[in-house]
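In what follows, a single structure is set out as structure tokens and then discussed.
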Amino acid sequence: MMGGRWIAVITTTVLLYTARDRGHVTATGYNILAIFPFSGKSHFYMFRAISQALVARGHDVTVVSHFPETLSSPKQQQRRDSATNGSYTDYSLAGSVPVYENFTTDELIGNGYLEEFLIILQDGVDNCEGVMSSGRLDELVRNRVRFDLVLVEVFNTGCFALVANQFGAPIIGITSTSLYPWYSGMVGDVATPSYVPLNLLPFTSRMTVKERLINTVILMTLKIYYKYKYEPKAQEIVNKYLGDMNGTVSEAMSMINAVIMNTHFAFGFARPLPPGIIEVGGCTYKSPKPLSEDLERFVTSAERGVIYFSMGSIIKGASMPMERSLAMFRAFSQLKGYKVLWKWEDDTPWPEVPSDNVMFVPWMPQFDVLNHPNVKLFISHGGLMGIQDALYSGVPIIGIPMFADQFSNINFIVQNECGLKLQLEQIDERTAYKMISTVLEDNKYAINAERLSQLYRDREKDPLEVAVYWIEYVAKHQVGLMLKPAFQDQWYEHYLLDVVAVLTVVAVTIAYLTGRVIIALYRLILI
């Protein structure tokens, strides 16, 4: 009997010691803080999927976001997973800043290359100011709960990385896009403007001299702007509302151990990535669900197939200039045997009687629609999530890009012959009909879309599992710089300019001495 007790005591001690070795774990797993401050709902889909997967693994996750699953409390609501004992706790930012959605086309088009980037950076400042001034983070920062790891969104401000750094835990950055230029080098990734276009520029990997010049100048300009204008502004805002913080924004960003990105090499131009950049594009996907009865009836009744037309959640599709919308409508009406699902958020009556082959719906389950076997074409603004949905589904695309990374995304589609680009200002009935007919009738677009779909789907491991694995890896090992390459802090060292200078001096010295010797020999011969 006594022996049994001692065995139980020893076993319990070993288990507790093992748990302590893993970090400050709870009975179920790691205690993780996730800070997702951007108020764009399409960005949050990825973050929610990863957070829920962590809970399913038995971890306790506190999610700071504008999209709490339970809206009854402005602060915290906890739900526990009965199967794993993990928990999902909402820490709501809802209402602190406007939700980033339903912009009109007039608000988004017409900006210059550099202006697009600066608008996004200013949005980051405004978001930081709005969230900090709301006081929603005061209690969280003041209490300094012990977390084993902090996930923080890295998008358009370093403001929240500084908040994340106050908890003394390893930090992982996470983004639903590719990394923006001001963050290049954060985890050792190398900016290569010679063949990797910045994510908001309408270039491909095959750039002309002019395009490479623009790419390089804007990259350098943005890094200077960010470091000397927007980073100090973020520091000022955090200090204003939360008091003096430990460290600076720059130091907090340098503490980020790895970055989880919603990208995949099959969709994007080739670029060098270090181990600390973890690509998990497609991590939100599950098996498509059946469509509602009315949608299913409409889609299956299309003799030749269905065209799905949506401008996403950020752009209000109904805000397109009416003459452009009418041109699209008339083009759709000419398509024999095809039907059109059109995401249209406005109840305003059309000036023309709607065609029988067009169905207007204010919202649709996009992933489920695109995976329906009778959907043959996706007409989109070119947002990253929508493009990934279409590529996963093997559906060709006609892109109408308006702002941000949409131009780059659609250029990739065009370069890989998975679709075509239609500029908003070029839309008329004839142009729209001709382009739609081309993509529908030329099999190469569907074949290439299916080829990219196979590349995108064929994974060694499920991308959601990859994200969870690396989060657990960093929490377990408290990993630091080993995920980053041994890059130098000084820009001239990074680009080997000091080595070039030394070699230049050596070459000039040798040339000079050789010249002196030749002159001396020449004079000696003459004498």
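The values are calculated or read from the model by the stated rules, or taken from the named source; none is laboratory data. The model shown is predicted, which means the values in this text are computed figures rather than measured ones. Glycine also receives a Cβ, built like all others from the backbone with ideal geometry; neighbour counts cover every protein chain displayed.
Quick notes on this structure:
- Checklist (1) free of Cβ contacts under 8 Å to residues at least 60 places away in the same chain; (2) surrounded by fewer than 24 Cβ atoms within 10 Å (Cβ to Cβ) applied to Ile397, failing item: (2)
- Residues of the stretch 188-211 satisfying the condition of being in contact with a helix residue (DSSP H, G or I) (Cβ under 7 Å, 6 or more places away or on another chain) and of a type outside the set (Val, Ile, Thr): Ala191, Pro193, Ser194, Pro197, Leu198, Asn199, Leu200, Leu201, Pro202, Phe203, Met207
- Inter-residue pairs, beta-carbon under 7 Å, first closer than 12 Å to Arg430 by Cα and in the stretch 315-329, second small (Gly, Ala, Ser) and surrounded by 19 or more Cβ atoms within 10 Å (Cβ to Cβ), 6+ apart: Ala327/Ala432; Met328/Ala432
- Selection count where residues are within 29 Å of the chain's Cα centre (by Cα) and of a type outside the set (Lys, Arg), scope the stretch 437-456: 12
- Pair list, Cβ under 6 Å, 6 or more apart: the stretch 448-465 residue closer than 28 Å to Ser51 by Cβ and among the aliphatic types (A, V, I, L, M), other residue at pLDDT 95 or above and part of a helix (DSSP H, G or I): Leu464/Ala53
- Any hit, the stretch 216-237, residues being modelled with pLDDT under 95, under 28 Å from Tyr469 (Cβ atoms), crowded, with 16+ Cβ neighbours inside 10 Å and hydrophobic (A, V, I, L, M, F, W, C): no
- Screening Val259 on (1) in contact with a strand residue (DSSP E or B) (Cβ under 7 Å, 6 or more places away or on another chain); (2) farther than 27 Å from Val99 by Cβ shows it passes everything except condition (2).
- Applying a threshold of 7 Å to beta carbon distances and a minimum spacing of six or more residues, or different chains, the list of pairs starting in the stretch 222-236 at a residue that is acidic (Asp, Glu) and ending at one that is in a helix (DSSP H, G or I) reads Glu231/Val249; Glu231/Ser250.
- Ile387 among the aliphatic types (A, V, I, L, M) and either farther than 20 Å from Leu455 by Cβ or at pLDDT below 90 (or both): no
- Residue in the stretch 478-496 that is polar (S, T, N, Q), assigned to a helix (DSSP H, G or I) and at pLDDT 70 or above present: no
- For the stretch 132-163, the set of residues classified as of a type in the set (Val, Ile, Thr) and either under 17 Å from Ile174 (Cβ atoms) or free of Cβ contacts under 8 Å to residues at least 40 places away in the same chain (or both) consists of Val150, Val152, Val154, Thr157, Val163, listed by residue number.
- Only one of Thr89, Thr104 that is β-branched (Val, Ile, Thr) and modelled with pLDDT under 90: Thr104
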